[in-house]
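Peer 1: Before I ask anything, here is the structure I am working with.
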């Protein structure tokens, strides 16, 4: 059983499997499904420290594309549903988002509110490409920060030994 586990871990640390797994996990976690991708990112980097930058970039792309899907869902929802009567809190949030414009999508990395924020940006018909750029920046900085914090918190990890 231990050799099976070792073989599976070795396979997952290979770029052709590990990076695609990180991409899928990052994509799905950016949708409205409750899931986090940081453990997959850190796990691959722990298994294969040489994949630090490719993993960060692949996770950023996957998570950004998941945010783009949320934007399109929001746009489709706007087209499919008449504007419903909203309370003042919702109106203030929408006004805030409209005032900030696509720059608000840099907050797409936030837990709980980040994914719906992308959908609302699409619903408000904010310009897609600027929204996507701001999403990508926020998500890239999140992965870089979270991975750096994990390396700091787990100083005896393989990647920490390689980088120091």
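Peer 1: Pop a pseudo-label 7 angstrom from the Cα along the beta-carbon direction at both residue 110 and residue 28 and give the gap in nm to one decimal.
Peer 2: Inter-label distance under the simple model: 2.7 nm.
Peer 1: Continuing with the same structure: 7 Å from Cα along Cα→Cβ at both residue 128 and residue 156: what's the point-to-point distance in nm?
Peer 2: Simple spin-label model gives 5.0 nm for this pair.
Peer 1: Specify the inter-centroid distance of region 26-40 and region 91-136, based on alpha-carbon positions, in whole Å.
Peer 2: That distance is 18 Å.
Peer 1: Once you have the Cα-Cα distance between residue 17 and residue 35, take 0.36 nm times their residue separation minus that, and quote the gain in nm to one decimal. Walk me through the numbers on the way to the answer.
Peer 2: Working: separation 18, 0.36 × 18 = 6.48 nm, distance 1.99 nm.
So the extension gain works out to 4.5 nm.
Just so you know, all these numbers are worked out from the coordinates, no wet-lab data involved. Bear in mind that the values here come from a model prediction, so they are computed numbers and not experimental data. Counting neighbours? That spans all protein chains shown, and the Cβs are built from the backbone with ideal geometry, glycine included.
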